1. Show the residue pairs meeting these rules: Cβ distance below 9 Å; 6+ apart or different chains; first residue within the stretch 94-107 and assigned to a strand (DSSP E or B); second residue more than 9 Å from ligand 2 (Cβ to nearest atom) and of a type in the set (Ser, Thr, Tyr).
2. Which pairs have Cβ atoms under 8 Å, sit 6 or more apart or on different chains, and link a residue in the stretch 62-75 that is basic (Lys, Arg) to one that is assigned to a loop (DSSP other than H, G, I, E, B) and more than 16 Å from ligand 3 (Cβ to nearest atom)?
3. Answer with yes or no whether residue 69 is assigned to a loop (DSSP other than H, G, I, E, B) and not assigned by TED's automatic domain parsing to the domain that holds residue 130.
4. Restricting to the stretch 19-52, give me the number of residues that are more than 8 Å from ligand 1 (Cβ to nearest atom) and either in the same structural domain as residue 77 (by TED's automatic domain parsing) or assigned to a strand (DSSP E or B) (or both).
5. Every residue in the stretch 8-21 that is at pLDDT below 90 and surrounded by 12 or more Cβ atoms within 10 Å (Cβ to Cβ), please.
6. Do any strands (runs of 3 or more DSSP E) entirely within the stretch 122-161 hold 3 or more residues that are under 21 Å from residue 107 (Cα atoms) and touching a Ser or Thr at 6+ places or on another chain (Cβ under 9 Å), and if so, which?
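The values are calculated or read from the model by the stated rules, or taken from the named source; none is laboratory data. This is a predicted model, so every value here is computed, not measured. Note that we place each Cβ from the backbone using ideal geometry, even for glycine, and neighbour counts take in every protein chain shown.
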Amino acid sequence: MKDEEKKEEICPQCGAPLGEITSTPSGRQLQRCSKGSWNEESRKVEGCPYVRWLAVPEQTLDEKCPKCQSPLVLKVTRFNKKMKKCSTNTWDPATQTASGCDYIEWIGGPTTEQLEEDCPKCSEKLVMMTTSAGKKLKKCSTNKWDRNSRMAVGCDFVEWQ
Ligand SMILES: [Zn+2]
Ligand SMILES: [Zn+2]
Ligand SMILES: [Zn+2]
């Protein structure tokens, strides 16, 4: 994070500054309101109960959002999945809504993108899929993996790129 992006963190519940960042045994970081503290004996929070869980810091990328041309940021979720998202996209915890551009691109896992092409076998739409190994294939959108039977269902059209 760049220095100019750092701002004074204020508790949204009582307006007091947030306390120091502490780490849980599992390695997650949290910041408690400076007016609140965890009492080991009573196992209760005394004072302001606000706790802010820290996301893994975002990293601004040298890439532009294909939707709005703003810079993209790289984000790692708490489940260790990586994604690129638009820097204008912000989550407002007060209203529980996201605002800004909604562009997200998952990295590492397979991704699919809807294509404006029809399947030569069944005339349904095709999707472009990028595997975790970075290989691309076109496949029929009706083709799905059925977890119960552990078999692929739907049309079997696949075209490796
Ligand atoms: Zn507070
Ligand atoms: Zn965008
Ligand atoms: Zn098909």
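1. Taking only residues 6 or more apart or on different chains, the pairs are 98/90; 99/90; 105/111.
2. From the stretch 62-75, the pairs are 64/70; 67/101; 67/102; 67/103; 75/55; 75/56; 75/58.
3. yes
4. The number of residues fulfilling the criteria is 17.
5. 9, 21
6. 125-130, 136-140
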